Each structure stands twice: as structure tokens, then as C-alpha cells.
1. If we scan region 32-44, do we find a residue that is at negative phi, under 43 Å from the mean Cα position of the chain (by Cα), in a helix (DSSP H, G or I) and at pLDDT below 75?
2. Do you know which residues across region 146-183 are touching a residue at least 12 places away in the same chain (Cβ under 8 Å), under 21 Å from residue 203 (Cβ atoms) and not in a helix (DSSP H, G or I)?
3. Checking residue 137 against (1) free of Cβ contacts under 8 Å to residues at least 60 places away in the same chain; (2) touching a helix residue (DSSP H, G or I) at 6+ places or on another chain (Cβ under 7 Å); (3) within 24 Å of residue 200 (Cα to Cα): exactly one of these is not met. Which one?
4. Could you tell me whether region 129-145 includes any residue that is modelled with pLDDT under 90 and in a helix (DSSP H, G or I)?
5. Looking at (1) in a helix (DSSP H, G or I); (2) closer than 25 Å to residue 115 by Cα, which is the one condition that is false for residue 238?
6. Looking at region 98-109, is at least one residue modelled with pLDDT of 70 or more, outside any helix (DSSP H, G or I) and touching a strand residue (DSSP E or B) at 6+ places or on another chain (Cβ under 9 Å)?
7. Tell me, yes or no, whether region 181-195 has at least one residue that is crowded, with 16+ Cβ neighbours inside 10 Å, in contact with a helix residue (DSSP H, G or I) (Cβ under 9 Å, 6 or more places away or on another chain) and within 24 Å of residue 105 (Cβ to Cβ).
8. Quick check on my filter: what residues within region 199-235 are buried (at least 18 other Cβ atoms within 10 Å of the Cβ) and part of a loop (DSSP other than H, G, I, E, B)?
């Protein structure tokens, strides 16, 4: 209530000051017609000012704020891939019978340009993975997801992550897979139907995780070349990856 009262007093003071100035202008120069002309001219420009502020400047500020927020979110995403994402990708590889086909497309390098990332992204979206839950160790995958559950939950609790729909959807897909695995008492002797269902869940999380990994590395290449250099050397898709510089 006090804040509203202060605003009313402030607005009244400004209007009163404007009226006083106009009265003084008429009293000193005795040119009522000119005062009225410029008053309406200034009033007309108010609408243009509102247009510039609301549509142009406001949009520029929103774009800048969103860019800054995405930069901060990418720091959080980087922690995810350092602690969970990269290891999870490697676990998923065991279930993908066509992994070698995708591996060749994901060997990022210092020479990659935006068009290379875009091409790889299209390849992921159209990728027909040979995902088979029988091919890997489901118990190991379930334990890994359970061990990192709290860390991923903390990420989901970050309200700013809602601005990054792709990453949030990926986390939901990973959580769903974790719940599917944890809900089964025995992951060794699953029925064929269960294997088929879990294969689809792994594929969904796998595709989304690859997309987010690719976009995160695109961000690193533009903003943090030294981090991108390490990401290239530690690429999970490269069987010969190592931190040491060749």
C-alpha cells in the first residue's frame, strides 16, 4: 500500500511540474499557439516511444537476459555431463547394435563448424538405433542411475532449467528409464515384452542425451574453446579418446 501511495505522489508531482513549466512558458513568451502545437507534437511522439520501448527495447533486453540465463544453464549442463551424462552415454553404447554407424558421425573436432553440428543433429534425429536391452548389463545401468538420482533431482529442482526444454525433456526420459528399471525385481530374467519395452525407453533417453551432448559441445566451441578442446580429446564416441594431447 505504501508503494502505491509513493507512486501516486511521484506521478502527481511530475504532472504538476509539467503544468507549471507550460504555464511559465506561456507567461514568459506569450505564444499559446506554439505551446499547444508542441504539446500535441510531444504527445504524438509518446506513442512512438511506447512502441520503441515495448516492442524493440524490451525484446532486446529479453534476448540479452535469455542469452545470459542460457550461459548459466550451460554451466549446470556441463556439471551433468561431467558427473553423469558422458558415463551414461558409454553405458548406452552397449545396447546399440548400430553404434559404429553413429560413432563416425559424432567424432567432433576443432575443425567442426556450425553446419557440421547441424548435420550431426539431423543424423541423430533420423537415427534408427539397433537398441536391444538384452545386449547390455541392465543391473549395472539401473545401479548407476540410482546412484546419481539425487544429483539429477537437484538439477530438475532448478526452476531456470524450464527455459531449456530439450535438456529438461532429456532428464525426464532418463528418470523414466530409471523408474522402469527400479520397478522390476529381477532384471536378469525379463520377458520378451519387458525387454522390448525397456529397449524403447533406453532408445528415447539415448537419442535425447546425444542431442544434448552435441548442443553442449557446440556451445563450448563458441564460448569456451579450451573446454571444447578437452571435450574433443575425451569424446565418449572415440574408442581411442584420452586427455593427453597427441
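1. Taking region 32-44 first, the residues at negative phi are 32-44.
Adding the requirement that they be under 43 Å from the mean Cα position of the chain (by Cα) leaves 43-44.
Still in the list and also in a helix (DSSP H, G or I): 43-44.
Now restrict to residues that are at pLDDT below 75: 43-44.
Yes, region 32-44 contains a residue that is at negative phi, under 43 Å from the mean Cα position of the chain (by Cα), in a helix (DSSP H, G or I) and at pLDDT below 75.
2. 148
3. (2)
4. No, region 129-145 contains no residue that is modelled with pLDDT under 90 and in a helix (DSSP H, G or I).
5. It is condition (1) that residue 238 fails.
6. yes
7. Within region 181-195 (the criterion being crowded, with 16+ Cβ neighbours inside 10 Å, in contact with a helix residue (DSSP H, G or I) (Cβ under 9 Å, 6 or more places away or on another chain) and within 24 Å of residue 105 (Cβ to Cβ)), the answer is no, since none of the residues qualifies.
8. Within region 199-235, just 235 meets the criteria.
The values are calculated or read from the model by the stated rules, or taken from the named source; none is laboratory data. Nothing here was measured: the structure is a model prediction, and the numbers come from that model. With ideal geometry, Cβ positions are generated from the backbone for all residues, glycine too; neighbour counts draw on all protein chains shown.
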